[in-house]
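Remarks on the structure that follows.
The values are calculated or read from the model by the stated rules, or taken from the named source; none is laboratory data. Computed from a predicted model, the values in this text were never measured in an experiment. Neighbour counts are summed over all protein chains in view; Cβ atoms, including those assigned to glycine, are modelled from backbone coordinates with ideal geometry. For the accessible areas, the whole protein counts, side chains as well, though only heavy atoms, and no ligand, DNA or RNA atoms are used. Shrake-Rupley method; radii C 1.70, N 1.55, O 1.52, S 1.80 Å.
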Amino acid sequence: MAESLYPDVAAFIPRERCLVLPNAVSGPEATQGRVCTGRVKRILYLANYQPAKGLLTAIDIFAVLAPDFPELELHLVGAYSKRWSEPQMRDYLGRLPPAVGARVHVHGPLFGAAKQQALARADLFLYPSRHDAFPLVLLEALAHGLPLVSTAQGAIPDILRNGWNGLLIDPERVGDAAREIARLIGDPARVRTL
């Protein structure tokens, strides 16, 4: 999956017997010719609804950003799980100021063309995972030309080069992460280059 994950299996597989074959995803046919304006209105989080995948962190970051960016929306795409239920989501979002909560859109799971459309409509991909190995969703977001904001978990730094195709943030420091994203949103030229 990624060279940086070899230490996880080193006790079982000698280095000379290990071949790293990076993951890949199909390119998005529906987004050929996408033009990035550099303007960020739609932030997309796409993963199972679990705190370990950064769901609550994504919501908290958005809550910090929203007052300064009145057109900004957060779109949550994913499935509920034993770790995070629909009533828990309603309760968590219900604690947000109404003007902020109204701009958080919970879509549930999307597949196929609907998932591709969600990626195509996004302007920035936010995946502040607290535990991961090699999230294919980051490759899907890159295939759609989206700037990434994620964490240095697992092999994510093998996918996301900080400052080149996105930003690496610390999920424990929501305020700092929001400030980094705000700087990015305020710089359309930088958004276009990521």
key: Extension gain (nm, one decimal) between E172 and F111, 0.36 nm per residue minus Cα-Cα   = 18.9 nm
note = The simple spin-label model distance between A143 and K82, using points 7 Å out along Cα→Cβ, in nm, is 3.0
remark   = Within the set V20, V100, V137, GNM on the chain using Cα springs under 10 Å gives the largest fluctuation to V20
query = Going through the DSSP H helices of the chain, which span 24 Å or more along their own axis at the Cα atoms while scoring at least 0.0 as a mean Kyte-Doolittle hydropathy?
reply = none
key: Net length gained if the chain between R42 and S4 were fully extended (0.36 nm per residue, minus Cα distance)   = 10.5 nm
request  = Treating cross-link reach as a plain straight distance, find the lysines whose alpha-carbon is under 20 Å from the alpha-carbon of K53, omitting any fewer than eight places away in the same chain.
outcome  = K82, K115
Percent carbon-and-sulfur accessible area, the range 10-125, ignoring ligands, DNA and RNA, probe 1.4 Å = 55
query = Roughly how many nanometres apart are two label points built 7 Å out from the Cα toward the Cβ at R190 and R90?
reply = 4.0
Relative contact order computed over the chain (Cα-Cα under 8 Å; 6+ residues apart), in percent = 27
key: Environment charge at A155 (Cβ cut-off 9 Å; Lys +1, Arg +1, Asp -1, Glu -1)   = -3
task = Please list, in chain and number order, the residues 5+ apart from D132 or on another chain whose amide H is under 5 Å from its amide H, with Hs placed from the backbone.
result = G154
ask   = Of S81, S150, S26, which has the largest mean-square fluctuation in a 10 Å C-alpha GNM of the chain?
value = S26
request  = List the extent of the Cα atoms of the chain along each of their three principal axes, largest first, rounded to whole Å.
outcome  = 56, 39, 34
